Amino acid sequence: MTIATRALAALPTDLPQVERLATIPLGFVAGAGIAGIKASGRPDLAIVATQPGPDGIRVPASAAAVFTPNAFAAAPVRLSQAHLTATEAGGNGRFGWATAIISTSGSANAATGAAGDADQAEVANVLAAALLTTTEQTLLLSTGIIGTRLPLDRVRAGIASVAPRLNATDAGLAAAAEALRTTDSVTKAATTTITLPDGDGYTVRPVRVTGIAKGVGMIHPRMATMLSIVLTDASVDPATLHGLLRPAAARTWNQLSVDGDTSTNDTVFLLASGAAGAATVTAGTREAVELGRAIEAVARDLARQQAADGEGATTLITCQVSGAADDADARAVARAVVSSSLVKAAAHGRDPNWGRIAGAAGNATLADEAVLAAAGLPQGAARSRSGTAAELDPNRLRIAIAGHPVFDGAAGGPVPFDREAARAAMEGPELLLRLDLGLGEGTGEAFGCDLTETYVVENSEYTT
């Protein structure tokens, strides 16, 4: 077999398997309803909360978050950061304690000034009163049209309706996932279960990690690229929880791109109730690694669901890169390929145009400093490498489209291939683009979707 015909198989993953179900972990209740925020009349208000303790007071959960860095960060983003800081000063708005999350869908409450901030604060106050908790232990999500304020009368009524009906059932969490949606065509949920030691160290207990998410437009990798609530019944302190969420987000949601636009409202919340009864997970332990892998497995599957359901999309594009100088370079190249409008258009037309893939790879630059540090690079290296070009040698690069080798730099460049067979292979629901850079051991992946006429039509009339 010649070098030019060597196959590029899909990269394996050692993450736990997930089920696409909204299976609620112990210690949480959830529910949703119709507040009338959306003109469509669909469900648009969701609440997830911790269960009350024997004294009737809701038990705070450890909370961690990643947020959009957009300069127009919405009122719910800024208020949630303030609440996390109020409950854990050392967290600087990244982690703390929470008893409730509310999501309102239909109005982003972004770029609405002081009045929008006041509206969001009122939502927090009303939620806290309805759930008999403190305002500072509430977290907030809003999604919808930028520049529109929340209809407070409808939100108040929605909270009054939903709060008494919260329950610890899978159906309650599935309803919350449904109410997160805006232009999503399907709900998105993922669950995995691992085992962690009991306090005695001799027995193990099942620990669940479940996530729900929305977001199929204004999706591009910068810290968090949509809305998601991830729940676990593991016992873990807020700082350690954030230390598990950051790298998971960097390797999954930050590798997701639908249209190149980062939203004003991007938020991921991760809450841990501790209700499973397992021993407390501490940083740097085997148990922390296992819980981190479970969180990443859920995040990865949600990211893939979001890419597959991108506005107007017909094809999930997965780009996997091996042979990079390091993982940061590999992720940069994969992200550049799935973010390319030309690659997206070619995928939609089932055109095995490898030149567009090569061009996108050659343009790859490394992520923001914060993303690189979150993914594991030392802070100094993250600072110096942020925005720099990924290392790539055309004479070593190999490319395969849907399993068909199309380019091999070491063998002279273009590889003869059956274009019609390649086109046929591109017809499936997922298109795998495989690159090997031939430079080292670094690997990475990214997720995107094709660019279609439907995307243009939908976004040309979004507010009208």
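The values are calculated or read from the model by the stated rules, or taken from the named source; none is laboratory data. If you're wondering where the values come from, they're calculated on a predicted model, not measured in any experiment. Cβ coordinates were reconstructed from backbone atoms using ideal geometry, including for glycine residues, and neighbour counts include every protein chain displayed. The accessibility values were calculated without ligands, DNA or RNA, using every heavy atom of the protein model including side chains. Shrake-Rupley method; radii C 1.70, N 1.55, O 1.52, S 1.80 Å.
Taking K and R as +1 and D and E as -1, what net charge do the other residues with C-beta under 13 Å from the C-beta of Arg423 add up to?
So the environment of Arg423 carries a net charge of -2.
Under Stokes-Einstein, with the Kirkwood radius over Cα pairs standing in for Rh, what whole-number D in µm²/s applies to the range 13-150 at 37 °C and 0.692 mPa s? Walk me through the numbers before you get to the answer.
Details: Rh = 15.9 Å.
For the chosen part, D equals 206 µm²/s.
Can you list the residues, at least 5 places off or on another chain, whose amide H is less than 5 Å from the amide H of Ile145, using H built in the peptide plane?
Gly106, Ser107, Ala108
Find, to one decimal place in angstroms, the Kirkwood hydrodynamic radius of the range 321-437, where the mean of 1/r is taken over every pair of different Cα atoms and then inverted.
14.8
Normalised radius of gyration for the chain, please: alpha carbon Rg relative to 2.2 N^0.38 Å, two decimal places.
0.98
How much accessible area per residue does the chain have, counting only protein heavy atoms and a probe of 1.4 Å, in square angstrom?
Here the per-residue accessible area is 38 Å².
Once the other residues with Cβ under 14 Å from the Cβ of Asp198 are scored (Lys, Arg +1; Asp, Glu -1), what is the net sum?
So the environment of Asp198 carries a net charge of -2.
Mind checking the angle between helix 327-339 and the chain's longest principal axis? C-alpha axes, 0 to 90 degrees, to the nearest 10.
In the chain, helix 327-339 runs at an angle near 90 degrees to the longest axis.
Give, as a single signed number, the net charge of other residues whose beta carbon lies under 15 Å from the beta carbon of Ala129, with Lys and Arg counted +1 and Asp and Glu -1. Don't skip to the end; give the middle numbers.
Details: positive: Arg58, Arg156; negative: Glu122, Glu136.
Once positives and negatives cancel, what remains is 0.
Quick one: helix 170-180 against the long Cα principal axis of the chain, what's the angle to the nearest 10°, folded into 0 to 90?
70
Contact order normalised by length for the chain, with contacts defined as Cα pairs under 8 Å and 6 or more residues apart; what percent is it?
18
Can you order the peptides 142-150, 392-400, 30-38 by their average number of other Cβ atoms within 10 Å per residue, highest first? Let's see the in-between values first.
Values: 142-150: 20.4, 392-400: 18.9, 30-38: 22.3.
In decreasing order of mean packing, 142-150, 392-400, 30-38 become 30-38, 142-150, 392-400.
Taking only Cα atoms of the range 174-319, what ratio of Rg to Rh do you get with Rh as the Kirkwood inverse-distance radius?
1.01
Mind checking the alpha-carbon convex hull of the range 92-160 and giving the volume per residue in Å³?
Details: hull volume 6.0 nm³, N = 69.
Looking at the range 92-160, the number lands at 87 Å³ per residue.
Would you mind computing, in nm to one decimal, how far apart the modelled labels at Ala411 and Asp261 are, each placed 7 Å from Cα along Cα→Cβ?
With each label point 7 Å from Cα toward Cβ, the separation is 4.2 nm.
Quick one: length gained pulling Ser161 to Glu441 fully straight, 0.36 nm per residue minus the C-alpha distance?
In short, 95.4 nm is gained.
Can you send over the carbon and sulfur percentage of the accessible area for the chain, probe radius 1.4 Å, protein chains only?
53
Could you work out, for the range 373-464, what percent of all Cα-Cα pairs fall into each 5 Å distance bin, beginning at 0 Å and stopping at the bin that holds the largest distance?
Spelled out per bin, shortest first, that is 3, 10, 13, 15, 15, 14, 12, 10, 6, 1, 0.
What number in nm² do you get for the range 203-286 if you take the convex hull of its Cα atoms and divide its surface by four?
Orientation-averaged projected area of the Cα hull: 5.8 nm².
List residues of the range 318-338, by number, whose backbone nitrogen lies under 17 Å from a label position 7 Å along Cα→C-beta of Asp393.
322-327, 329-330
Measure nothing but the geometry: give the 0 to 90° angle between the long axis through the Cα atoms of 238-251 and the longest principal axis through the Cα atoms of the chain, rounded to 10°.
The two axes meet at around 30 degrees.
Once you have the Cα-Cα distance between Ala424 and Leu21, take 0.36 nm times their residue separation minus that, and quote the gain in nm to one decimal.
Length gained between Ala424 and Leu21: 141.9 nm.
Sorted by packing (mean other beta-carbon atoms within 10 Å per residue), highest first, where do 374-383, 204-213, 186-195 land?
Numbers: 374-383: 16.0, 204-213: 23.2, 186-195: 21.0.
Order by mean packing, descending: 204-213, 186-195, 374-383.
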